[in-house]
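Since the structure comes first, as structure tokens, the remarks are kept for the end.
The values are calculated or read from the model by the stated rules, or taken from the named source; none is laboratory data. Predicted, not measured: the structure shown is a model, and the values here were computed from it. Don't worry about glycine lacking a Cβ; one is built from the backbone with ideal geometry, like all the others, and counts go over all protein chains shown.
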């Protein structure tokens, strides 16, 4: 079984009303049989961060905290250089788990939709890629996501079991592929209680910044090239034959 940990970056609000430029979903994809080993590796990684930067084991590490030096990190007095190293280390550790990562970035500037439309567009694309991955690898899969839009995520997962549409890579119409290997309803997790969800958050923000370059201040922590630090752990198959962004990023 594949475990798909999902978190978002940005929001579904309209840009002209102060919403973010994109709505992005980051996904950390992990083989369930390797979960115990991966969890131990993450624990060891967090112990190294505790030794090097005094970050408590239970401290939540998300992109927002690293960028703004707030939340549980605020009292540590970490400069931008240290926070950049911490962000980069998270991206590089994905390969060591071992896990894979990909993201869906919905650019609102080129998609005039109501707020709910951005959510639907992102989750449809994510589930399409997970369905294709599970079918190709002959593996069941389960969704674990950050708490928030629980009912809406459940609706999409249940719909995916019945049908998902996907455009042809060759421009010859669309296909329907029910996610028959999708297991049970999605599981909502509080991000502060899951290292894997926290990693998915960092993946999502790195994907956003790969598409929308950051300003100078943000770039000191998360430069545009942060996505490339995922390296061989990037799940490039989701990008298709005609990628519009960096490998592993589905740009809608």
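For every residue, the table says whether it meets (1) under 19 Å from the mean Cα position of the chain (by Cα); (2) in contact (Cβ under 8 Å) with a residue 40 or more places away in the chain; (3) within 24 Å of residue 3 (Cβ to Cβ).
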site	(1), (2), (3)
40	no, no, yes
47	no, no, yes
54	no, no, no
71	no, no, no
81	no, yes, no
85	no, no, no
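Which of the following residues is assigned to a loop (DSSP other than H, G, I, E, B) and either within 15 Å of residue 91 (Cβ to Cβ) or touching a helix residue (DSSP H, G or I) at 6+ places or on another chain (Cβ under 9 Å) (or both): 247, 232?
Going through 247, 232 in turn, just one is assigned to a loop (DSSP other than H, G, I, E, B) and either within 15 Å of residue 91 (Cβ to Cβ) or touching a helix residue (DSSP H, G or I) at 6+ places or on another chain (Cβ under 9 Å) (or both): 247.
Residues that are crowded, with 22+ Cβ neighbours inside 10 Å, in contact (Cβ under 8 Å) with a residue 60 or more places away in the chain, out of contact with any strand residue (DSSP E or B) (no Cβ under 7 Å at 6 or more places or on another chain) and within 21 Å of residue 65 (Cα to Cα): does segment 203-210 have at least one? Yes, some residue in segment 203-210 is crowded, with 22+ Cβ neighbours inside 10 Å, in contact (Cβ under 8 Å) with a residue 60 or more places away in the chain, out of contact with any strand residue (DSSP E or B) (no Cβ under 7 Å at 6 or more places or on another chain) and within 21 Å of residue 65 (Cα to Cα). Restricting attention to segment 218-235 and to residues that are touching a residue at least 40 places away in the same chain (Cβ under 8 Å) and surrounded by fewer than 17 Cβ atoms within 10 Å (Cβ to Cβ), the residue that is nearest to residue 64 (Cα to Cα) turns out to be 220.
Screening segment 23-115 for helices (runs of 4 or more DSSP H) wholly inside it with 2 or more residues that are in contact with a strand residue (DSSP E or B) (Cβ under 6 Å, 6 or more places away or on another chain) and either surrounded by 19 or more Cβ atoms within 10 Å (Cβ to Cβ) or at pLDDT 95 or above (or both) returns no ranges.
Identify all residues within segment 12-22 that are in a loop (DSSP other than H, G, I, E, B), surrounded by fewer than 16 Cβ atoms within 10 Å (Cβ to Cβ) and on the phi < 0 side of the Ramachandran plot; write none if there are none. Even if it seems obvious, please write down each step before you answer.
To start, the set of residues in segment 12-22 that are in a loop (DSSP other than H, G, I, E, B) comprises 12-14, 18-21.
Filter once more, so that each one left must be surrounded by fewer than 16 Cβ atoms within 10 Å (Cβ to Cβ): 13-14, 18, 21.
Answer for segment 12-22, where residues must be in a loop (DSSP other than H, G, I, E, B), surrounded by fewer than 16 Cβ atoms within 10 Å (Cβ to Cβ) and on the phi < 0 side of the Ramachandran plot: 13, 14, 21.
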